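The values are calculated or read from the model by the stated rules, or taken from the named source; none is laboratory data. Source: prediction; values computed, not measured. Don't worry about glycine lacking a Cβ; one is built from the backbone with ideal geometry, like all the others, and counts go over all protein chains shown.
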Amino acid sequence: MALDDDTLPRALIADPRTADTGLPRRQALLELAILVTAEPWTLSRHKLKQWHDAGLTDDDVLHGVALASYFGHLNRIADATAVPLDYEVRHTPAHADPSTPPWPEAAKLVTGRAAIDIASRPATAAALTEWKTYMFHRDAPLTRRQRTLIVRHVASWLGDGGISSPADLTANTLDDALRALARTVTLAPWQLGDASYADLRAAGFDDTMLFDVVATATTAGVSSRIAVALAALAT
């Protein structure tokens, strides 16, 4: 495609689900990114074969899963902070309508051995482990229990059967507010606004604590999307 031809970028911005990239390999990568983002539990061994037939290797698939998961984190942080861009964007997508319903919660929990081992990309695996350790195993500004609650809820919404249920935790007065914000971050980030933070602000959360809730939820989203996608590809 010529560098000055913006047909495909415009199509991807308008509706990636119906965009035609023109090449089987690119189309497979597009489908992979959409499914990992919205419904990672729907991946399957059959889907992996289709992507192999389209020209993707296992490493391509793994790379695509990791990138799609990671950019979901970046986009959610951008939605949460609403920081203005410091660069020019050639094609700006329309903002999602806040009335658009959230994505569905996982129809099933996925467990089992991954079809592709993330350790085959050692730098990625090491970075992900270090990132999760930093986010999930701290006691400030959120407590360790609050982080655990968020991680478990995100895992359940994305179909990550390798994480314990949040129902196993003893109830706490802030649980509902933490769950509500984490759910919006995970399943409807386009709905984030002042009202999303109101209950936690009323409970004494400052901006640093609120950002920690968001970052914990987005990190859990990266981790669970990768785990669910790679395990689902073996089913």
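Residues that are in contact (Cβ under 8 Å) with a residue 60 or more places away in the chain and either among the β-branched types (Val, Ile, Thr) or touching a strand residue (DSSP E or B) at 6+ places or on another chain (Cβ under 6 Å) (or both) do occur in the stretch 202-209, at least one of them.
Taken over the stretch 198-235, the criterion of being assigned to a loop (DSSP other than H, G, I, E, B) and charged (D, E, K, R) is satisfied by Asp206 alone. Of all residues in the stretch 158-167, exactly one satisfies the criterion of being buried (at least 22 other Cβ atoms within 10 Å of the Cβ) and either of a type in the set (A, V, I, L, M, F, W, C) or within 17 Å of Thr208 (Cβ to Cβ) (or both), namely Leu158. It is to be established whether one or more residues within the stretch 43-57 are under 15 Å from the mean Cα position of the chain (by Cα), farther than 14 Å from Leu233 by Cα, surrounded by fewer than 18 Cβ atoms within 10 Å (Cβ to Cβ) and not aromatic (Phe, Trp, Tyr). No, every residue in the stretch 43-57 fails to be under 15 Å from the mean Cα position of the chain (by Cα), farther than 14 Å from Leu233 by Cα, surrounded by fewer than 18 Cβ atoms within 10 Å (Cβ to Cβ) and not aromatic (Phe, Trp, Tyr). Taking the listed residues Ala171, Ala195, Ala180, the one that is over 30 Å from Asp60 (Cβ atoms), modelled with pLDDT of 95 or more, among the hydrophobic types (A, V, I, L, M, F, W, C) and more than 20 Å from the chain's Cα centre (by Cα) is Ala195, with no other qualifying.
Considered as a group, the residues in the stretch 168-187 that are surrounded by 14 or more Cβ atoms within 10 Å (Cβ to Cβ) and among the charged types (D, E, K, R) include one that is farthest from Ala215 (Cα to Cα), and that residue is Asp175.
In the stretch 121-152, of all residues being among the aliphatic types (A, V, I, L, M) and crowded, with 19+ Cβ neighbours inside 10 Å, the one that is farthest from Asp206 (Cα to Cα) corresponds to Leu128. When the stretch 218-232 is limited to residues that are over 15 Å from Glu105 (Cα atoms) and polar (S, T, N, Q), the one that is surrounded by the fewest Cβ atoms within 10 Å (Cβ to Cβ) turns out to be Thr219. Would you check if Ala155 is part of a helix (DSSP H, G or I), crowded, with 21+ Cβ neighbours inside 10 Å and under 18 Å from the mean Cα position of the chain (by Cα)? Yes; evaluated as a whole, the condition is true for this residue. Quick one: count up the residues across the stretch 137-162 that are touching a strand residue (DSSP E or B) at 6+ places or on another chain (Cβ under 6 Å) and of a type in the set (A, V, I, L, M, F, W, C). Number of matching residues: 0. Candidates Ala182, Ala171, Ala114, Ala177: the one that is free of Cβ contacts under 8 Å to residues at least 12 places away in the same chain and either in a helix (DSSP H, G or I) or out of contact with any Phe, Trp or Tyr (no Cβ under 9 Å at 6 or more places or on another chain) (or both) is Ala171. As for the stretch 188-209, it holds no residue that is touching a Pro at 6+ places or on another chain (Cβ under 8 Å), surrounded by 19 or more Cβ atoms within 10 Å (Cβ to Cβ) and of a type in the set (A, V, I, L, M, F, W, C).
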